[in-house]
């Protein structure tokens, strides 16, 4: 029988203990993991078991383990959304299961996704797992490309992103491509409208975002007010705006509206879940968490970017550039309208 992890909030130590309840009544084992979401959100988070569970094959009862990705640059982690990680196959009878709800699916054993794949729309859990895998791969690539691998602080990471935006080279382009690829995958997997009983999954997705490096990178791009940089990285900015639009549609308010808490050091999202790792948060001299403006506040400030971009359209003759600038302006206008209509 699968062991279930239930999170217990400790308000005095600013962390969450995941208490493992053994079905045989053994003493509970407590593991500490630092999370950024507030207690109310933590209590609804199912925990690691969704991503790491070992379950019995529906057909023959053989134990089937959840796959753990091995991100590397020899294998493109941003190929068709992690199809091999979303299916779990019994090694004994070769029955294929959905990794989320563990129901039997009719996909072939080596399913690579596509229109015939039945896993994609199987359940809400599979969407949460796909988002986890995308964010985990992103954290790995960010650590590798920026050269900090869990050891460098926020200043080193910020310097890397500023260099990427101001003076791109082959190395930083690799990371920027991965960043764009991650955002596109996330947009394809985020559930726009959750059912009445889907609040737990939405909160789980918010926690995954909040404990990944991705919001930090999005924040760096949005904080940059250089029109020249916005045009030079127009493809990236267009996808960032589309991702924000999708996040508003999905009501990920915990990620959008709460001040961004600064990660000092982290083993990455995969390490937090699989290895029971932890995050060290940046604190000021008074031992108060350091925070930046929330993403939705940066969205409100985008009007200051839209005006000079609109003024530039009349001066540019190169059609592809005009189209990119128009796309940027449209994306900004939609987000601003979305905030007004949604009362955000």
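Just to be sure I understand, how many residues within the stretch 274-290 are over 29 Å from residue 129 (Cβ atoms) and either touching a residue at least 60 places away in the same chain (Cβ under 8 Å) or surrounded by 14 or more Cβ atoms within 10 Å (Cβ to Cβ) (or both)?
Of the residues in the stretch 274-290, 2 are over 29 Å from residue 129 (Cβ atoms) and either touching a residue at least 60 places away in the same chain (Cβ under 8 Å) or surrounded by 14 or more Cβ atoms within 10 Å (Cβ to Cβ) (or both).
Among the numbered conditions (1) closer than 23 Å to residue 290 by Cα; (2) within 13 Å of the chain's Cα centre (by Cα); (3) not in a loop (DSSP other than H, G, I, E, B), tell me where residue 212 comes up short.
Status for residue 212: all satisfied but (3).
Quick check on residue 97: is it over 20 Å from residue 244 (Cα atoms), surrounded by 15 or more Cβ atoms within 10 Å (Cβ to Cβ) and within 13 Å of the chain's Cα centre (by Cα)?
No: the conditions fail for residue 97.
Under 6 Å between Cβ atoms, at least 6 apart or on separate chains: pull out the pairs that start in the stretch 155-167 with a residue that is on the phi < 0 side of the Ramachandran plot and surrounded by 17 or more Cβ atoms within 10 Å (Cβ to Cβ) and end on any residue that is at pLDDT below 90 and assigned to a helix (DSSP H, G or I).
Short answer, once both residue conditions are applied: 157/146; 160/146; 164/172.
Regarding residue 236, is this residue in contact with a helix residue (DSSP H, G or I) (Cβ under 8 Å, 6 or more places away or on another chain), within 23 Å of residue 309 (Cβ to Cβ) and assigned to a helix (DSSP H, G or I)?
yes
Do you know which of the residues in the stretch 240-263 that are crowded, with 19+ Cβ neighbours inside 10 Å, part of a helix (DSSP H, G or I) and over 14 Å from the mean Cα position of the chain (by Cα) is modelled with the lowest pLDDT?
Across the stretch 240-263, the extreme among qualifying residues is 248.
The values are calculated or read from the model by the stated rules, or taken from the named source; none is laboratory data. Nothing here was measured: the structure is a model prediction, and the numbers come from that model. Don't worry about glycine lacking a Cβ; one is built from the backbone with ideal geometry, like all the others, and counts go over all protein chains shown.
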